[in-house]
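The values are calculated or read from the model by the stated rules, or taken from the named source; none is laboratory data. Just so we're clear, the structure is a prediction, and the values are computed from it rather than from any experiment. Glycine gets a Cβ as well: all are built from the backbone with ideal geometry, and neighbour counts include every protein chain shown.
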Amino acid sequence: MRVPPVSGQRATRGWRQLLLLAPLLLASACFLLPKAEYPVCTRPPTDEDTEAAQGAHKAATRLYDKESYERAIEAWLAAYELDCSAHGLLINIGRAHGKLGNDDEKLRALETYVARAGKDADMAIVEEVERLKAEKEGKEPVSEVDPYEGAEAEDAGPPPTVDAAPPQAAPPQG
């Protein structure tokens, strides 16, 4: 059985249809992919890594102040990739996600911070994670204590920032 040759016009139309569908197929595939995890430390950061992370952190803080939250997140992620021992950067990433209304990402960033900071985790953040989890599950928060009681309003300025620091020193907040 012999297959008749496809005319050039029909073949071109088929390719055009495929090319028009390709972006749609790629976009839908992106939703099926798991979210990228925050980098895990495999080695201590070098002095150069720490210095570059501090520069990225400063840039991220400026972007956050200008309400460019997506770009601030990108810069803080870059800083954390350079110095993954500066776990406080995850707090900033979480705060920026919160400003964008990305509550699941905010919770994921703060949970990662609590897990990686361990016993050195800020208790206000630990309580916030518990509260966010309870809200997500539709339960009453474990604690009725507001971790920011007496603090300035959240919209009064940028989140507490953390400078990237060598692994032997806890990142200063300020």
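A few notes on this one:
- Residue 43 meets each of the listed conditions (1) among the charged types (D, E, K, R); (2) at pLDDT 95 or above; (3) closer than 21 Å to residue 116 by Cβ apart from (2).
- Selection within the range 63-97 - of a type in the set (Lys, Arg), more than 17 Å from residue 114 (Cβ to Cβ) and part of a helix (DSSP H, G or I): 71
- Residue list for the range 94-137, restricted to those being in contact (Cβ under 8 Å) with a residue 40 or more places away in the chain and β-branched (Val, Ile, Thr): 112
- Considering the range 65-109, and only residues there that are among the small types (Gly, Ala, Ser) and surrounded by fewer than 18 Cβ atoms within 10 Å (Cβ to Cβ), the residue that is farthest from residue 52 (Cα to Cα) turns out to be 101.
- Single condition residue 139 does not satisfy, out of (1) under 24 Å from residue 56 (Cα atoms); (2) in a loop (DSSP other than H, G, I, E, B); (3) at pLDDT 70 or above: (1)
- Among (1) without any contact (Cβ under 8 Å) to a residue 40 or more places away in the chain; (2) on the phi < 0 side of the Ramachandran plot; (3) not small (Gly, Ala, Ser) - the single one residue 90 does not satisfy: (1)
- Residue check: residue 48 meets all listed conditions (1) surrounded by 11 or more Cβ atoms within 10 Å (Cβ to Cβ); (2) at pLDDT 95 or above but one, namely (1).
- Within the range 113-126, the residues that satisfy the criterion of being surrounded by 18 or more Cβ atoms within 10 Å (Cβ to Cβ) and in a helix (DSSP H, G or I) are 113, 114, 117, 125.
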